[in-house]
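The values are calculated or read from the model by the stated rules, or taken from the named source; none is laboratory data. These numbers were taken from a predicted model, which means no experiment stands behind them. In this analysis, Cβ positions are derived from the backbone assuming ideal geometry, glycine residues included, and neighbour counts consider all displayed protein chains.
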Amino acid sequence: MKDIITLAIESSCDETAASVLRNGREILSNVISTQIELHKKFGGVVPEVASRKHLENIDAVVQEALDEANMQFSDIDHIAATYGPGMVGALLVGLSHAKALAYTLDIPLVGVNHIEGHVSANYIEHKDLKPPFITLIVSGGHTHLVEVKDYGEYEILGKTRDDASGEAFDKIARAMGLGYPGGPIIDKLAKEGNKHAIEFPRAYIDEGYDFSFSGLKSAVLNYLNAKKMKNEEIVVEDVAASFQEAVVEVLSTKALKAAKEKGYSTIALAGGVASNSALREKITEMSKSEGIEIKYPSLILCTDNAAMIGCAGYYNFINGRIHDMSLNAVPNLKIGQR
């Protein structure tokens with residue numbers, strides 16, 4: 001049986017990425033050009049700046065991915081590209097490049113949902129993993145509990161009603177003057193703090209699977225403001241640890257509840273916040289007594305990267321989900337939406 005070679009492109013936010021994969025799960029190259037340093041001075045990603053940088057980088061990144069994989073364009077069987085969700089200008093750069101390549105090379109174009117890409121990172125990391133299972137998707141823009149019924153087939157069980165978990169990390173980090181991106185900084189500081197020092201609230205929202213982090217965010221901001229007004233010392237390590245504990249406890253509890261009630265023995269973490277060490281430790285510790293296995297990708301595959309897009313694209317391709325040149329960027333694309 002002939003190997004299927006995928007060239008994947010990802011440009012939904014501030015990483016210009018390209019990857020070449022063999023049969024969906026074997027990475028031959030995974031090149032990422034990040035813009036984090038460029039956006040740090042703004043305290044977050046500036047869409048117009050990101051789009052311009054993607055334009056500057058994309059040719060070189062794609063060529064580097066091919067070179068690293070020791071492949072030519074003629075070796076590629078199909079092009080996979082993120083078409084949503086994300087920043088529309090950034091998405092259009094990668095998608096337009098992918099469409100031009102697919103048209104020129106006369107090979108299929110496969111649009112990929114960025115969030116489905118994050119879920120698919122687990123297929124690369126864990127070669128034996130296959131649906132069905134529960135996945136907890138946690139990132140700067142998304143906090144979802146999803147039942148993965150099959151490759152490319154999803155049912156949303158719960159989602160955030162306000163802030164995403166990663167968004168809450170960034171906002172609290174900004175309030176404490178810690179810089180951007182906030183998640184890794186808080187994770188690092190929390191290791192030196194006492195997670196029980198401050199009892200921040202946990203929002204469980206009735207008996208369902210939805211999340212809410214705006215109340216927690218407000219509680220932390222009120223705590224910081226009260227300390228400043230009273231001229232009292234703020235132990236940032238304790239604030240970071242206590243805030244982080246409140247987030248990961250709710251995420252872990254809800255994910256385990258879904259797995260038990262739906263009868264699954266595997267939970268896969270996906271998204272940027274899946275790299276958070278406290279979340280990995282908490283959900284693994286809580287799952288032991290329940291006989292539930294926790295899967296998560298390596299740190300590089302938790303970030304925005306094209307390998308995960310290529311994996312999702314491969315399964316779309318072999319299942320006949322191919323797009324034509326009318327495919328457009330969909331900034332608010334939902335998981336499972338076609």
Query raised in the report: Pairs, please: C-beta under 8 Å, at least 6 apart or cross-chain, first residue acidic (Asp, Glu) and in region 167-186, second part of a helix (DSSP H, G or I)?
Result: Asp170/Gly182; Asp170/Gly183
Report summary line: In the set Val236, Val248, the lone residue that is among the hydrophobic types (A, V, I, L, M, F, W, C), assigned by TED's automatic domain parsing to the domain that holds Pro181 and in contact (Cβ under 8 Å) with a residue 60 or more places away in the chain is Val236
Report task. Provide a single number: the residues in region 62-100 that are touching a strand residue (DSSP E or B) at 6+ places or on another chain (Cβ under 6 Å) and at pLDDT below 95. Result -> 0
Report task. Scan (1) closer than 26 Å to Tyr264 by Cα; (2) modelled with pLDDT under 95; (3) in contact with a Ser or Thr (Cβ under 8 Å, 6 or more places away or on another chain) for the single condition Tyr151 breaks and write down its number. Result -> (3)
Report summary line: (1) within 19 Å of Ile4 (Cβ to Cβ); (2) out of contact with any helix residue (DSSP H, G or I) (no Cβ under 7 Å at 6 or more places or on another chain); (3) touching a residue at least 60 places away in the same chain (Cβ under 8 Å) all hold for Ile107 apart from (3)
Query - Residue in region 197-217 that is crowded, with 19+ Cβ neighbours inside 10 Å and part of a helix (DSSP H, G or I) present - result: yes
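Confirm whether Met229 is free of Cβ contacts under 8 Å to residues at least 24 places away in the same chain and of a type in the set (A, V, I, L, M, F, W, C).
yes
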Query - Flag for Ala164 being farther than 26 Å from Asp75 by Cα, surrounded by 18 or more Cβ atoms within 10 Å (Cβ to Cβ), hydrophobic (A, V, I, L, M, F, W, C) and assigned by TED's automatic domain parsing to the domain that holds Ile234 - result: yes
Requested in this report: List every residue pair whose Cβ atoms sit under 7 Å apart, with the two residues 6 or more apart in sequence or on different chains, where the first one lies in region 136-156 and is buried (at least 23 other Cβ atoms within 10 Å of the Cβ) and the second, anywhere, is among the polar types (S, T, N, Q) and not in a strand (DSSP E or B).
Outcome: Val138/Ser165; Thr143/Ser165
Query - Index of the failed condition, Asn222 passing every other in (1) out of contact with any helix residue (DSSP H, G or I) (no Cβ under 8 Å at 6 or more places or on another chain); (2) farther than 22 Å from Asp162 by Cβ; (3) outside any loop (DSSP other than H, G, I, E, B); (4) not aliphatic (A, V, I, L, M) - result: (2)
Report summary line: A careful count of residues in region 76-119 that are β-branched (Val, Ile, Thr) and in a helix (DSSP H, G or I) gives 5
Requested in this report: Scan region 7-23 residue by residue and report those that are outside any strand (DSSP E or B) and crowded, with 23+ Cβ neighbours inside 10 Å.
Outcome: Ser11, Ser12, Cys13, Asp14
Report task. Answer yes or no: is there a residue in region 296-309 that is over 17 Å from Glu116 (Cα atoms), modelled with pLDDT of 95 or more and either in a helix (DSSP H, G or I) or out of contact with any Phe, Trp or Tyr (no Cβ under 8 Å at 6 or more places or on another chain) (or both). Result -> no
